[in-house]
Amino acid sequence: MASKSEQQPIGFITVRLHPEFGYFGGFLLVNHLARPLEFHCTLPIKPSRAQSILYGPTLDEFLCGEQIARALVLKAKASPVVIFTDAGAVLSLRNIMSHPIVMVEGKNDAGSDVNSLHHRPSGSSRSYHRFELDDCPLAVLEAYRDDAAQIQTLWQQMDSQVDLREPFGRIADALLEAHPTTKAA
């Protein structure tokens, strides 16, 4: 029988920007063995010119974190113990939700065919608290630096076999599969 910590899902969210269609979001929940439990994705969201003007440099954080990522997390049946992202703009989700949100830094596996969904919105320049987990560089918003210790403790308890970069490639491939028009663009 799996321990309680092994039963807690781990979340992975990415948001990709397609030059023609806009922002696409995907959320993958996995177990401690990296096996999928749930997957959710959004339809493309393209901000209006007025939104781009009014939100200015905070547009990516608003769309990616407060709109797309929030909708994906709320849609999920299971509640993840931690959410990893490869898009810095998604970290703004932490301002409106209590889940620890952490960014996996560095080069991520972008999937096998993501030429049309390669850009990950980074958000405005914010202060990050950086740390490592299994030799993987991570960052949380400076305002939530205590999340780093909480995440490290959770990770040790979970004895997880999840490669923190790999799920983002699966999400990107699934987004391309869910939105085949992006392949032809």
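Overview of results
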item	result
Residues that are within 11 Å of Leu91 (Cα to Cα) and not in a strand (DSSP E or B), drawn from the stretch 128-142	Glu142
Options Pro57, Pro47: the member that is surrounded by 13 or more Cβ atoms within 10 Å (Cβ to Cβ) and over 24 Å from Arg165 (Cβ atoms)	Pro47
Residue within the stretch 68-76 that is touching a Pro at 6+ places or on another chain (Cβ under 9 Å) and either farther than 12 Å from Gly11 by Cα or small (Gly, Ala, Ser) (or both) present	yes
Pairs where the first residue, in the stretch 53-81, is over 16 Å from Ser98 (Cα atoms) and the second is of a type in the set (Asp, Glu) and part of a helix (DSSP H, G or I), C-beta under 9 Å, 6+ apart	Tyr55/Glu61
Of all residues making up the stretch 85-120, the number that are in contact with a Gly (Cβ under 7 Å, 6 or more places away or on another chain) and either hydroxyl-bearing (Ser, Thr, Tyr) or at pLDDT 65 or above (or both)	7
Any hit, the stretch 156-170, residues being among the aromatic types (Phe, Trp, Tyr) and either at pLDDT below 90 or surrounded by fewer than 18 Cβ atoms within 10 Å (Cβ to Cβ) (or both)	no
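The values are calculated or read from the model by the stated rules, or taken from the named source; none is laboratory data. It should be emphasised that the depicted structure is a prediction, and the values quoted were computed from it without experimental measurement. With ideal geometry, Cβ positions are generated from the backbone for all residues, glycine too; neighbour counts draw on all protein chains shown.
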